[in-house]
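Bear in mind these aren't lab numbers, they're just calculated from the coordinates by the rules spelled out. Quick caveat, the model's predicted, so the values are computed rather than measured. Here the Cβ positions follow ideal geometry from the backbone for every residue, glycine too, while neighbour counts run over all protein chains shown.
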Amino acid sequence: MRFLLHILAMFAVALVVGFGLSWYALTDGRLVGALTVGPWSAWPQAGTKAPDPYTRAHMARVGELQLGQSEGLQFIADRDSDGRPLDRTCTYRIAGNTPLASFWTLTAETAGGVNIARPGTPISMQSNRIARAQDGSIVINVGPALAPMNWLEITGTGPFSLVLTLYDVSALGGAGSGIDTMPTVTREACA
């Protein structure tokens with residue numbers, strides 16, 4: 001009887017570990033297929049002809065049209081640089097440099113991909129329409145409260161994600177690509 005209980009316990013542990021690791025690989029995947037730089041993560045093989053199995057499973061799960069490898073790369077941050085989940089009632093400062101790209105956009109979205117910019121305001125920040133610091137870096141404020149310089153006004157309550165889409169990107173192109181130059185996401189204040 002004791003032997004049978006041990007077999008059942010081992011079987012239960014194997015199922016929990018197997019399904020748990022599969023769920024992790026498909027939802028977060030930062031250890032298996034995603035590229036993570038600070039709070040930002042991307043699936044660089046999403047637009048290739050033969051993505052790895054984890055990337056393929058992630059693409060099937062999210063069901064979104066992916067950019068081709070030469071078209072661009074999309075980074076998503078659902079936490080700030082200190083690891084706290086992004087909250088729509090807080091104001092965040094995105095500061096630093098982006099990897100080399102011909103053009104980029106920054107949007108704020110719900111987990112379902114719905115843009116949460118206040119109606120009547122721009123739905124995204126664009127690289128060709130922002131004021132830059134003297135050194136060429138960016139400073140973008142995201143939140144419900146008015147902020148100086150570049151401001152992406154959002155509405156509602158609850159969690160959200162920042163989506164930085166780099167078009168015609170050389171971030172993964174080799175020497176001098178600058179993938180380590182992703183901007184920081186700093187929580188400024190909460191209502």
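Give me the number: length gained by fully extending residue 10 to residue 189, i.e. 0.36 nm times residue separation minus the C-alpha to C-alpha distance, one decimal in nm. Walk me through the numbers on the way to the answer.
Working: separation 179, 0.36 × 179 = 64.44 nm, distance 4.84 nm.
Answer, rounded to one decimal: 59.6 nm.
Tell me the net charge near residue 115. Cut-off is 13 Å between Cβ atoms, residue 115 excluded, with +1 for each Lys or Arg and -1 for each Asp or Glu. Provide the component values of the computation, followed by the final result.
Values: positive: 88, 118; negative: 109, 153.
Once positives and negatives cancel, what remains is 0.
By counting other Cβ atoms within 10 Å of each Cβ, how are 10, 125 ranked from fewest to most? Write out the running numbers ahead of the final one.
On the way: 10 10, 125 23.
In increasing order of surrounding Cβ atoms, one gets 10, 125.
Please list 3J(HN,Hα) in residue order for the stretch 131-137, calculated via the Karplus relation 6.51 cos²θ - 1.76 cosθ + 1.60 where θ = phi - 60°; whole Hz, with x for glycine and proline.
Result, ordered by residue: 7, 10, 6, 4, 7, x, 6 Hz.
For 181, 105, which order do you get if you count the other beta carbons within 10 Å of each Cβ and list the fewest first?
Lowest count first: 181, 105.
Between residue 17 and residue 145, what is the spin-label point distance in nm, taking each point 7 Å from the Cα along the Cα→C-beta axis?
4.8
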